[in-house]
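What follows is a set of notes on a single structure, which appears directly below.
Only the coordinates and a few stated rules stand behind these numbers; no lab work does. As the structure is a computational prediction, the values presented were derived from the model and not from experiment. Note: ideal-geometry Cβ built from the backbone for every residue, glycine included; neighbour counts use all protein chains shown.
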Amino acid sequence: MDELQLLVLWCCCLLLAVVALLFGRNPLLRHPPLPRLHWLLTEGIPTGASAAVQRVGGGRRAAALAAADQFCCERSNPAVQVFFLALFAGCYWVFAWHVFPMLPLPGVPAWHRYTGTAAALACLALFLAVSWSDPGTVTPVNAAAHAALYPHDGVLYPERKQCATCCLPRPARSKHCRVCNKCVARLDHHCIWINSCVGLLNMRLFLAFLLATTALCFYAAALGFRTLAADMAVHETWGVAFRPYGASEMIYLSQSKRLLLRYLSAAYGPQAAATLFAGMAAWIVAGFTGYQLFLLCRGSTTVEEHMLRQAAATPTAAEAEAAEARRIEARADAALRGEALPDRAEEEMQQRQQQQRGTSGRPYDRGPARNLAEVLFPRRHLAAAAAAAAGRAGGGPGGKKRA
Ligand SMILES: [Zn+2]
Ligand SMILES: [Zn+2]
């Protein structure tokens, strides 16, 4: 196996792991092997490693491993941010030192050097901006305004509660992030890539960053592919025949994918690797961006989708009682008629009830346009909700206004 094939295999494994970590618990991809891989990466390997260290190194090393795990996964730290920046810098370095100097080529003008650099800088600026943005931290000053934004629906957010850590009233759709150790309004999720929460105030920046990264990856992949193809055309590589070691006949590059891979690996190693990586990363990031847009349009968040899935999997007490009553009645009927018990129909009814409970409970869906407007103009939306609440509290438009 040559270098490029090893690289392809490594990239595929890496991207599969990323997909499993990102989407392994998503209901759209609930069929194996992604959920199993997600479990293996998040629970199987850490548990196995801990048990192995405990057996080999004793309690002190196991405690050290647990402390390292807690530092990496439970506390705010910039390890993944640094990894992203290193990956980003590495890819840009390959383009700046290996692809841009090849330009201009027929069909690939030299100005791609400048547009490529500008696109990378824009993406980097958005990454830094979203990493250091306020996701919508609930503080004593703004808690009342956030509380006016969304009503408690009685299902996902049953009642007004106080956060036990922040000692502040918890507005509907807010959650306490244990990594950042703060309550965040309309929390979508904690993102390890930006080492911050994604919430009401920075969702638009996060979305802009995702869209920019998707566009940059597709641009890099297309530019790399066209540059390599144009350079090979200029050098008339397609018309050159090779005789592989041990072979008796001459073979053209276009006739053998294996030979083409070897040639690309030898003649354009860094360019081909960066192009391949950009192409695969583009589809991954595009998938995640599409999922975020899908959630935004239906007025939901990643956290709420998780809560809905949990609610769908757990029958309420009333439903369990009704199901038991139906089961007893069906058993009695079947016994009277001398027939077998109709368990299948009962199971199907329970599944239908659970699916309805899991998919129909999106109380904050106000239509795609309004859902998007809330996220694109959060401060305006927040101010309008606070003013409306102040008006109601003051008995009408003349009432005392809240900040
Ligand atoms: Zn809190
Ligand atoms: Zn967080």
On full extension of the chain, what length is gained from ALA247 through ALA125, given 0.36 nm per residue of separation minus the C-alpha to C-alpha distance?
38.7 nm
Can you give me the Rg/Rh ratio for region 122-195, using Cα atoms for both radii and the Kirkwood formula for Rh?
1.03
At 0.36 nm per residue, and after removing the present C-alpha to C-alpha distance, how many nm does the segment from VAL179 to ALA266 gain when stretched out fully?
26.8 nm
Within a Cβ distance under 12 Å of ASP134, other residues only, what is the Lys/Arg minus Asp/Glu net charge?
+2
By average C-beta atoms within 10 angstrom, highest first, the peptides 328-336, 374-382
374-382, 328-336
Gain upon complete extension [HIS381, GLU159; 0.36 nm per residue less C-alpha separation]
77.7 nm
Charge tally in the Cβ shell below 11 Å around GLN54, where Lys, Arg are +1 and Asp, Glu are -1, GLN54 excluded
+3
Shape of region 58-198, Cα gyration tensor, a/c cut at 1.5
oblate
7 Å from Cα along Cα→Cβ at both ALA64 and GLU324: what's the point-to-point distance in nm?
5.3 nm
